[in-house]
Amino acid sequence: MVSRRTSAVVELVVALVGLLFQLRIWQYLREHGGRDDSISLSLYGLSMGAIGQIAQYWLKDNDYHQIRSNRRREFVASFCFIVWERVLRRRTSNPRAVRYNFGVGRTAGAVLYRLWYGLLHPLPGPNE
């Protein structure tokens, strides 16, 4: 079985690659006249995505209400975060920009969290 720390480092690497890929696509769309509403900057979307991802990782790392150890609870928690994103997106004037920025924010949040907890510091919560 893979250790939690190894899993966290792999998540960090995947998130870094994903973030670089997302930023490259964003740059490509800006240079080649992509749809303005889908590539405009939304600090609201970025921050809500990052906060959501950091919260999701924190809950999982701390095994809050057995989210990490019970697959059904992990699924329900993930579903709740998807619903949360959809509710936030509907409450804005530009849902497309928020959707894209929410995804970039989630990836950036994953990089920040896994860089701090997983690479630089030990993982929080009970060790198994």
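Which semi-axes, in whole Å and largest first, does the equivalent ellipsoid of the chain have when worked out from the alpha carbon gyration tensor as the square roots of 5 times its eigenvalues? Don't skip to the answer; put the middle values down first.
Working: eigenvalues 167, 64, 21 Å².
Gyration-tensor ellipsoid for the chain: 29, 18, 10 Å.
If each residue of separation counts as 0.36 nm, what is the full-extension length gain between Arg30 and Ile82 once their alpha-carbon separation is subtracted? Extra length available between Arg30 and Ile82 comes to 16.0 nm. For the chain, the share of accessible area belonging to carbon and sulfur comes to 63 percent (1.4 Å probe, ligands and nucleic acids excluded). The simple spin-label model puts a point 7 Å past each Cα toward its Cβ; for Ser7 and Thr92 those points are separated by 3.1 nm. Given their separation in residues at 0.36 nm each and the Cα-Cα distance between them, Leu41 and Arg73 gain 8.2 nm when the chain is fully extended.
Under 5 Å between amide hydrogens, built in the peptide plane, is the criterion, and for Arg68 it picks out Asp63 among residues at least 5 positions away or on other chains.
What does the charge count near Pro122 come to, summing +1 for each Lys or Arg and -1 for each Asp or Glu among other residues with Cβ under 13 Å from its Cβ? Numbers along the way, then the final one.
On the way: positive: Arg4, Arg5, Arg114; negative: Asp61.
It works out to a net charge of +2.
Legend: calculated FRET efficiency, His65 to Leu20, from the Cβ-Cβ distance at R0 = 25 Å, rounded to 0.05, equals 0.15. Solvent-accessible area per residue in the range 4-116 equals 64 Å², computed with a 1.4 angstrom probe and all protein chains kept.
The values are calculated or read from the model by the stated rules, or taken from the named source; none is laboratory data. What you see is a predicted model; the values in this text were computed from it and never measured. Backbone-built Cβ (ideal geometry, glycine too); neighbour counts: all protein chains shown. Only protein heavy atoms, including side chains, enter the accessible area calculation; ligands, DNA and RNA are left aside. Shrake-Rupley method; radii C 1.70, N 1.55, O 1.52, S 1.80 Å.
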